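The values are calculated or read from the model by the stated rules, or taken from the named source; none is laboratory data. On a predicted model such as this, the values are computed, not experimentally measured, just so you know. Using ideal geometry, Cβ is built from the backbone for each residue, glycine included, and neighbour counts are taken over all protein chains shown.
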Amino acid sequence: MGQSRGYPSLRCFPWTFGETDGTIAGMRKSDVTCPNCKAGYRRIELMTRPGNRGEFRCLTCNHLLEVFDGSTEVALRLTVQPEKTLNDADNRF
Ligand SMILES: [Zn+2]
């Protein structure tokens, strides 16, 4: 998987952003990839309304992906399951 596709890193987030698509007024969509397990997330930020302070951790590996300051409302949804490269196949608790 190619990580950098030539997009300038204007943001200082520790993960790679994909291309944005269809920006509606007051809503910013982007794609987030977990740098740890490569799970893909669709990120939707509502610029017009305040959200909650908090943090978002990767649903599959618990890596901290984003800290919300509450200035905007942010929703993240898992869209791409990470490839199962870890040996969790035999781990049946
Ligand atoms: Zn992850």
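Listing for the model above:
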| quantity | calculated |
| --- | --- |
| Pairs, first farther than 10 Å from Cys37 by Cα and free of Cβ contacts under 8 Å to residues at least 40 places away in the same chain in the stretch 51-66, second assigned to a loop (DSSP other than H, G, I, E, B) and more than 8 Å from the ligand (Cβ to nearest atom), C-beta under 7 Å, six or more apart | Gly51/Gly70; Gly51/Thr72; Asn52/Gly70; Arg53/Gly70 |
| Selection within the stretch 49-75 - within 16 Å of the ligand (Cβ to nearest atom) and part of a strand (DSSP E or B) | Glu55, Phe56, Arg57, Leu64, Leu65, Glu66, Val67 |
| Positions within the stretch 30-73 being surrounded by 15 or more Cβ atoms within 10 Å (Cβ to Cβ) and among the basic types (Lys, Arg), in sequence order | Lys38, Arg42, Arg43 |
| Failed item in (1) loosely packed, with under 14 Cβ neighbours inside 10 Å; (2) of a type in the set (Ser, Thr, Tyr); (3) modelled with pLDDT of 95 or more, with Thr20 passing the rest | (3) |
| Residue match in the stretch 51-69 (condition: modelled with pLDDT under 90 and small (Gly, Ala, Ser)) | no |
| Those residues of the stretch 32-48 which are away from the ligand (no atom under 12 Å from the Cβ) and among the basic types (Lys, Arg), in sequence order | Arg42, Arg43 |
